[in-house]
1. What do you get for Rg/Rh of region 16-158 when both radii come from the Cα atoms and Rh is the Kirkwood radius?
2. Using Cβ counts within 10 Å as a stand-in for footprinting exposure, how do 134, 50 rank, fewest first?
3. Could you work out [θ]222 nm for the chain from helices alone, using -39500 (n - 2.57) per DSSP H run of at least four and dividing by all its residues? Round to the nearest 500 deg cm²/dmol.
4. On a 0 to 90 degree scale, rounded to 10, what angle separates helix 123-138 from the longest Cα axis of the chain?
5. Take the alpha carbon atoms of region 103-162, find their center, do the same for region 28-45, and report the distance between the two centers in whole angstrom.
6. Report the relative contact order of region 16-158, percent, no decimals, based on alpha-carbon pairs under 8 angstrom and at least 6 residues apart.
7. Going by the alpha-carbon gyration tensor, a ≥ b ≥ c the square roots of its eigenvalues, is region 1-77 rounded (a/c under 1.5) or, if a/c is not under 1.5, prolate (a/b greater than b/c) versus oblate?
Amino acid sequence: MSVTPFVPADFIVPQVLKTEDSQLRMLTVNDVVRDFDAVMSSVEHCKTIWGGKWPEGLTLEQNLIDLGWHQKEFQTRRSFTYTVVDPADSMVLGCVYIMPTRKVGFDAEVYLWIRESHLASGMESRLFKAVQDWVTSAWPFTAVAYPGRTISLVEWKEIESL
């Protein structure tokens, strides 16, 4: 990325976002089993989020490594991955990723997904709206992209990178 920090040094990173049917908190290695269950129950849906093959072939060990990476990135303020859990924090429902971008004209990109079993309820649409409002009101970004949502993945890939 660039030498510019992703968020200012004095920015207080939001720890939680609560919605009517979920809450977001930092994803950690302690979530590995429940996160793995959510991902593996939603393979086809997850592949549509980034337009690739992930999470085909994902193992529990690889998921642990990924979660450790996301946790460390959060702690070092390089990117922020939140697990989406039910209000009681008894089930992982998905993830939200707030990441720096190299795309010209943008200072962050945000992705999210919800378990396939919860899509029909409209939960992902409600979560997207809540996250959009949250990022606008609580984060220091001025130009946020939501690839696959407010801009197609094809268009996103065509935008010039720094």
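Taken together, the values in this text are just the output of simple stated rules run on the coordinates, not laboratory data. Owing to the predicted nature of the structure, the values given are computational and were not obtained by experimental measurement. In this analysis, Cβ positions are derived from the backbone assuming ideal geometry, glycine residues included, and neighbour counts consider all displayed protein chains.
1. Values: Rg = 14.4 Å, Rh = 15.4 Å.
Rounded to two decimals, Rg/Rh equals 0.93.
2. Values: 134 17, 50 14.
Exposure proxy ranking, most exposed first: 50, 134.
3. Working: 5 runs with 55 residues, N = 162.
Counting only the DSSP helices, I get -10500 deg cm²/dmol.
4. 30
5. For region 103-162 versus region 28-45, the Cα centre distance is 20 Å.
6. Numbers: 202 pairs, mean separation 33.9, N = 143.
Contact order relative to length: 24 percent.
7. Values: a/c = 1.81, a/b = 1.49, b/c = 1.22.
Judged from the Cα gyration tensor, region 1-77 comes out prolate (a/c at least 1.5, a/b above b/c).
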